[in-house]
1. Mind checking the angle between helix 77-95 and the chain's longest principal axis? C-alpha axes, 0 to 90 degrees, to the nearest 10.
2. Given the -39500 (n - 2.57) contribution per DSSP H run of 4+ residues, what per-residue ellipticity at 222 nm results for the chain, rounded to the nearest 500 deg cm²/dmol?
3. In debye to the nearest 20, how big a dipole does segment 3-169 give about its Cα centre with +1 on each Lys and Arg Cβ and -1 on each Asp and Glu Cβ?
4. For the chain, modelled as a GNM with alpha-carbon contacts under 10 angstrom, which of 163, 46, 147 fluctuates the most?
5. Mean separation of Cα pairs under 8 Å and 6+ residues apart, divided by the residue count of the chain: what relative contact order is that in percent?
6. Return 51, 99, 11, 89 ranked ascending by Cβ neighbour count within 10 Å, so the fewest neighbours appear first.
7. For a footprinting-style exposure proxy, rank 85, 5 by other Cβ within 10 Å, fewest first.
8. Under the Kirkwood approximation applied to all pairs of distinct alpha-carbon atoms, what is the hydrodynamic radius of segment 3-169 in Å?
Amino acid sequence: MNNATLIHIGRFIGFLIFQVFILKRLSIGWEGPVFFNFILYPLFIILLPLRTPRVVVLSAAFAMGLLVDMSYDSLGVHAGASVLTAYIRSWVLGWLEPRDGYNVNHSPNKARMGAPWFFRYASLMMVLHLLFYYSLDAFSPVFFVDILLKTLYSFPLSMIFVIIVTYIFDPET
């Protein structure tokens, strides 16, 4: 097991603990439903190295989502959204690929790809994750407006935490 693997395992545990013990308590709603959700754990999926096999990305996303589900009592909603996010990751990376391509030995992060590229990538992945999450939570197109509202309310709050974590910890691997 090399140093990069240990860093990603530590990142997995760190994001899980931060999501479950801190961000879970910050969720805000009115009249019952939660409208403001602070979600940071998809950043783990976003920061995985480009060379990571798809089955490993999907398995790690499922494990993260399942562990978050266990603490949120949400019956697989986080796991489903995480797996969908991990599944579309390669398409989003392909869509945002720079002209001279990627160095597959690195992670797509702010230090290696530049802040504008990274925050566009992270924003797209986070908005898709939140859309998947709230769609699975409602599980009906009848609540389309609620799904969009919850996504629009949670996205800026979640991105604030993504930006803070990215600038404080500045992941290099």
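Values quoted throughout were computed directly from the atomic coordinates according to the rules given, and no laboratory measurement underlies them. None of these values were measured; they are calculated from a predicted model. Here the Cβ positions follow ideal geometry from the backbone for every residue, glycine too, while neighbour counts run over all protein chains shown.
1. The two axes meet at around 40 degrees.
2. Details: 7 runs with 116 residues, N = 173.
My calculation for the chain gives -22500 deg cm²/dmol from helical runs alone.
3. On the way: 11 positive and 7 negative charges, 112 e Å.
Value, rounded to 20: 540 debye.
4. Answer for the Gaussian network model of the chain: 163.
5. Working: 192 pairs, mean separation 45.3, N = 173.
Value for the chain: 26 percent.
6. Details: 51 12, 99 4, 11 19, 89 24.
Exposure proxy ranking, most exposed first: 99, 51, 11, 89.
7. Details: 85 27, 5 11.
With the sparsest Cβ surroundings first, the list reads 5, 85.
8. Numbers: mean 1/r = 0.0618 Å⁻¹.
Result for segment 3-169 stands at 16.2 Å.
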